[in-house]
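For reference, the structure is listed below as structure tokens.
The values are calculated or read from the model by the stated rules, or taken from the named source; none is laboratory data. Remember, it's a predicted structure, so these values are computed and weren't measured experimentally. Cβ placement follows ideal geometry from the backbone for every residue including glycine, while neighbour counts extend to all protein chains displayed.
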Amino acid sequence: MSLLGSLVNMLGSGSQGQGDNLALINAVVRMLGNDAPGGGLGGLAAQLQQAGLGDVVGSWIGHGQNMPISADQVEAGLGADTIAQIARQLGLGNGDVAGQLSQVLPHVVDALTPAGHLPAEGIGSGDDLLARLGPH
């Protein structure tokens, strides 16, 4: 199973359907791409480091076990405005989005940095990333 399929299954159906889960994952991938307004994966790593979560994001990028991140830490690291923007796009509450991002981000960042570091050239555009995470 592809990482994309695994993430959709991990999120479950809960109060939202599989399409909503895919929309959340799509939003995450677009946020991490080189073409993202916030600087992509490098920008996300910098934001989380500034919020005191450098060890957490470093564990996702590096080799070894991924450290967990809470919904509150996601909101503090990404900012309430970013969470609210994603929530509006998906028609979900801020808390739901932050909670789901706390589950998805470690796995996606880990999968996109198999060498254990941020690539100097970045990790590609949002479309490239979706293709890499999708079925093989």
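Just a few scattered comments:
- Lone unmet requirement of (1) at pLDDT 90 or above; (2) out of contact with any His (no Cβ under 6 Å at 6 or more places or on another chain) for Pro119: (1)
- Matching residues in the range 81-133 - criterion: being buried (at least 16 other Cβ atoms within 10 Å of the Cβ) and part of a loop (DSSP other than H, G, I, E, B): Leu92, Thr113, Leu118, Gly122, Ile123, Gly124, Ser125
- Number of residues in the range 89-119 that are small (Gly, Ala, Ser) and closer than 14 Å to Leu24 by Cβ: the value is 6.
- Count - residues of the range 26-63 that are over 17 Å from Val104 (Cα atoms), of a type outside the set (Asp, Glu) and modelled with pLDDT under 90: 5
- Flag if Gly40 is at positive phi and touching a helix residue (DSSP H, G or I) at 6+ places or on another chain (Cβ under 9 Å): yes
- When the residues of the range 69-78 are filtered to those that are under 14 Å from the mean Cα position of the chain (by Cα) and small (Gly, Ala, Ser), the one that is surrounded by the fewest Cβ atoms within 10 Å (Cβ to Cβ) is Ser70.
- Of residues in the range 53-68 being part of a loop (DSSP other than H, G, I, E, B) and in contact (Cβ under 8 Å) with a residue 12 or more places away in the chain, the one surrounded by the most Cβ atoms within 10 Å (Cβ to Cβ): Leu53
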